[in-house]
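Written below as structure tokens is the structure these notes are about.
The values are calculated or read from the model by the stated rules, or taken from the named source; none is laboratory data. Computed from a prediction, not measured in an experiment: that's the story for all the values here. Cβ atoms come from the backbone with ideal geometry, glycine included; neighbour counts cover every protein chain shown.
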Amino acid sequence: MTGDDMSESVEIVGYDVAAVEEWISQNTEGLEPPFEWTRLEGGHSNLTYALVDQNGERAVVRRPPMGELLPKAHDMGREYSIISGLGPTPVPVPEAYGYCESPDVTGAHFYVMSQVDGKALFELEEAMDYLTVDARAKVGLSFMDVLAALHSVDPDEVGLGDLGKKEDYVGRQIRTWYRSWLASAEGASYEDQDLHELHDFLEARRPQQGPARVVHGDYGLHNCLVNPDGELTAVLDWEISTLGDPMADFAYALNTWAEPGDELVNKDNAPTLAEGFLGRAELIDRYASQTGCDLTNLPYYISFNHFKSACIIHGVYARYMQGQKSTDGVDLDYYRSRIGICIELSKQAADELE
């Protein structure tokens, strides 16, 4: 159905369809409205729709969620600038078509980009249905090659040198998330002395940061599109990206990569548990061979990321416990156990340095 037809039968949340289609017609090339609109789920609750124009050309439109937002949350302009800057590089990103800064068109800023073929992998069953065993083996290599390509880009050379502060990325993150833990402790009714000891350890052992690079901040298969051959076709959801320490980004990616036999698996139905996926050791070798990075302090960065995850989940759990978020369908025991699991994983990594 076209935008006109759909507006009568299916609610297109957050968009004045006629106004947005007119803006796209006037401000982008190669797209002819009216469009077929299809809601895409995921993407940090941003309102994202796939568009198909009169000639079968495909695109994606993306805007923040409805309601009042925190000042720096859901920054579409930031995302658009990042995919624009990375477009000419080897990092696979959608093509940037246009950005509307004015909220007058549809109540919020939004941007339009190309739609890329591929599938984001969230669960074990998806990976098994979508990829052959041979293709699964290729995913890890492509996953690391793309991250290495990202960390090889000089942000100043692609217009992203002002994306964020370049210095002391890990130090600033530690301080931010430790403050979050302290602020959430009473609401969560959850304290753990190990967390405080980890904080002190991470502060004391912080490595010297090398040149700042664009760090994705949430690089995992859930934010990548993969084709049936096991190759990454695009990296998505750049809204929390900034400049920082690429080793922290690399370690985060490793932490998302569950493998069979993990004592404290992050997710018991993670896609990478399927037969054929490479293990983390092979991912580490691939990234090191592509970047030539020094892996001496890798356990530190793995510990740091688990510490950060513990603080983030602790804050979310506190909001649930205080009634600030609906608990309908939410397994609170799962959230509580995840805090302890992250702390334990952080300790295990830290012990590798001592």
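Here Gln193 meets the list (1) surrounded by 15 or more Cβ atoms within 10 Å (Cβ to Cβ); (2) without any contact (Cβ under 8 Å) to a residue 40 or more places away in the chain almost entirely, failing just condition (1).
Within segment 203-216, if we keep just the residues that are more than 30 Å from Leu40 (Cβ to Cβ) and touching a Gly at 6+ places or on another chain (Cβ under 9 Å), the residue that is surrounded by the most Cβ atoms within 10 Å (Cβ to Cβ) turns out to be Ala212. Scanning segment 132-168 for residues that are basic (Lys, Arg) and either crowded, with 17+ Cβ neighbours inside 10 Å or without any contact (Cβ under 8 Å) to a residue 24 or more places away in the chain (or both) turns up Arg136, Lys138, Lys166.
For (1) in a loop (DSSP other than H, G, I, E, B); (2) over 18 Å from Tyr252 (Cβ atoms); (3) not assigned by TED's automatic domain parsing to the domain that holds Ile83, each residue gets a yes or a no:
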position	(1), (2), (3)
Leu160	yes, yes, yes
Lys166	yes, yes, yes
Gly171	no, no, yes
Arg179	no, yes, yes
Ala183	no, yes, yes
Leu195	no, yes, yes
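When Met76 is tested against (1) under 30 Å from Arg206 (Cβ atoms); (2) crowded, with 18+ Cβ neighbours inside 10 Å, only condition (1) is not met. Answer yes or no as to whether Tyr219 is buried (at least 20 other Cβ atoms within 10 Å of the Cβ) and farther than 23 Å from Gly340 by Cβ. Yes, satisfied.
This table checks each residue for (1) closer than 17 Å to Tyr99 by Cα; (2) modelled with pLDDT of 95 or more; (3) out of contact with any Cys (no Cβ under 6 Å at 6 or more places or on another chain).
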residue	(1), (2), (3)
Met1	no, no, yes
Asp5	no, no, yes
Glu21	yes, yes, yes
Asn27	yes, yes, yes
Gln54	no, yes, yes
Lys72	no, no, yes
Met76	yes, no, yes
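A single member of Asp229, Asp245, Asp194, Asp218 is in contact with a Leu (Cβ under 9 Å, 6 or more places away or on another chain), modelled with pLDDT of 95 or more and on the phi < 0 side of the Ramachandran plot, and it is Asp229. Applying the criterion of being polar (S, T, N, Q) and closer than 16 Å to Phe304 by Cα to the residues of segment 243-273, the residue that is surrounded by the fewest Cβ atoms within 10 Å (Cβ to Cβ) is Asn266. Elements of the type helices (runs of 4 or more DSSP H) sitting completely within segment 270-354 and holding at least 1 residues that are farther than 24 Å from Gly140 by Cα and either in the same structural domain as Phe143 (by TED's automatic domain parsing) or in contact (Cβ under 8 Å) with a residue 60 or more places away in the chain (or both): these cover 298-321, 332-351.
Within segment 105-128, not a single residue is of a type in the set (D, E, K, R), without any contact (Cβ under 8 Å) to a residue 60 or more places away in the chain and outside any strand (DSSP E or B). One residue is enough: does segment 141-157 have a residue meeting the conditions outside the structural domain of Leu40 (by TED's automatic domain parsing), modelled with pLDDT of 95 or more, among the small types (Gly, Ala, Ser) and more than 30 Å from Gln208 (Cα to Cα)? Checked against the condition, which is being outside the structural domain of Leu40 (by TED's automatic domain parsing), modelled with pLDDT of 95 or more, among the small types (Gly, Ala, Ser) and more than 30 Å from Gln208 (Cα to Cα), segment 141-157 yields no hits at all. Yes or no: Gly159 small (Gly, Ala, Ser) and within 18 Å of the chain's Cα centre (by Cα)? For Gly159, the condition - small (Gly, Ala, Ser) and within 18 Å of the chain's Cα centre (by Cα) - is not met. Quick check on segment 319-338. Is at least one of its residues of a type in the set (A, V, I, L, M, F, W, C) and within 24 Å of Glu203 (Cβ to Cβ)? No, every residue in segment 319-338 fails to be of a type in the set (A, V, I, L, M, F, W, C) and within 24 Å of Glu203 (Cβ to Cβ). Can you say whether Thr291 is β-branched (Val, Ile, Thr) and modelled with pLDDT under 95, as far as the supplied structure shows? The answer is no for Thr291.
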